[in-house]
Each structure stands twice: as C-alpha cells, then as structure tokens.
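Below is one structure, written out as structure tokens, with a few remarks after it.
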Amino acid sequence: MSLRKLLTRKRKSERGVTLTEMMVVIVIIGLLSTIVVVNVLPLLGGAREDKVRADLATLEGSLTTFYATYGRYPSTDEGLEALVNPPEDDRVSARYAEEGFIQRLPDDPWGNAYQYLSPGEHGRFDVYSLGADGRPGGEGDNADIGNWEL
C-alpha cells in the first residue's frame, strides 16, 4: 500500500453516520416521545381535578366561617364575592372582618369562576366548577365537580 492511500484512508470510526442510522435514531426518539406523552397527559387531568377539590374545600371552609360569624350563608345573589367584600346587608357589613374571609376568589383550572347556590340542590349550599367547557353537565374534563362530591 502506498503512503498516499494510508494517509487518505479514514478509519471506520471517522466515517460518520449513514442516513439509515439517523432515521433509526429519529424513529426511536419519536416512539419514546409518544410513550411519555401518552403516560403524562392523563396525569394533567387528575391534577386539575385535585386543584378543584382543594379550592372547593377552601371555599367551603370560608363559607362555614361566614356562617359562624353571621348565622347565615351568603345568598345566591351575594355569591362567593361576599367572602371577599362585605355584602350590601347592613347587619353584615357593620361587623364584616376587614380582611374578609378569603383574600381572593380562585378560578377553576380552566379559568372559569366557581358557581355558588344557597340554598343548594345538594346541601346547605353548593359550590362547583362547570368543568372545561364552562357549561352545566358533561363528561370527562367537561363534567361538573361540586362540594357535594368531597
């Protein structure tokens, strides 16, 4: 073998990767990504439901404190806003706690306001999220989640 051939001949490890090898790697990455997405997406739905349940428990506690202070729950017209700002009722506003019963009203994980009924259809009061679609009823992510389910 001539010296020129020896100098220009590349080692097997220096040749680089072929198109086939690159395609195999891309397919493997795609498969792994699909597996991760399929396993992680359902967990996001569960996290949203957990947030709703935690918010409902907080709102329920604030409503119970309101009841203990005034002997009544806010009316449907006063709504959950009565936990943050004093209602128009002079008997309540005169004794209203300066900091309110909750700092601010949370939104559900889909960015909608929680709904409130007093008296409720399921108990003394109902606090609930209308789900992802923001409309009553539904299934899956669109299902209503209420304090009667806690």
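The values are calculated or read from the model by the stated rules, or taken from the named source; none is laboratory data. Small disclaimer: the values here were computed from a predicted structure and weren't measured. Note: ideal-geometry Cβ built from the backbone for every residue, glycine included; neighbour counts use all protein chains shown.
Here are some notes:
- Any hit, the stretch 102-118, residues being surrounded by 18 or more Cβ atoms within 10 Å (Cβ to Cβ), acidic (Asp, Glu) and within 18 Å of Glu60 (Cα to Cα): yes
- Single residue of the stretch 1-47 satisfying the filter (among the polar types (S, T, N, Q) and outside any helix (DSSP H, G or I)) that is modelled with the highest pLDDT: Thr18
- Verdict on Leu83 being of a type outside the set (D, E, K, R), surrounded by 13 or more Cβ atoms within 10 Å (Cβ to Cβ), at pLDDT 90 or above and in contact with a helix residue (DSSP H, G or I) (Cβ under 6 Å, 6 or more places away or on another chain): yes
- Any hit, the stretch 127-135, residues being part of a loop (DSSP other than H, G, I, E, B) and at pLDDT 90 or above: yes
- Close Cβ contacts (under 7 Å, 6 or more residues apart or on different chains) running from residues in the stretch 67-78 that are in contact (Cβ under 8 Å) with a residue 60 or more places away in the chain to residues that are outside any helix (DSSP H, G or I) are absent.
- Test result for Thr64, among the polar types (S, T, N, Q) and free of Cβ contacts under 8 Å to residues at least 12 places away in the same chain: yes
- Condition met for Pro109 (assigned to a loop (DSSP other than H, G, I, E, B), in contact with a Lys or Arg (Cβ under 6 Å, 6 or more places away or on another chain) and either among the charged types (D, E, K, R) or within 24 Å of Gly137 (Cα to Cα) (or both)): yes
- Meets criteria (among the charged types (D, E, K, R) and at pLDDT below 85) for Arg95: yes
- Residue check, Gly71 surrounded by fewer than 18 Cβ atoms within 10 Å (Cβ to Cβ) and in contact with a Phe, Trp or Tyr (Cβ under 9 Å, 6 or more places away or on another chain): no
- Residue satisfying all of: in the stretch 48-89; part of a helix (DSSP H, G or I) and of a type in the set (S, T, N, Q); farthest from the chain's Cα centre (by Cα) among these: Thr69
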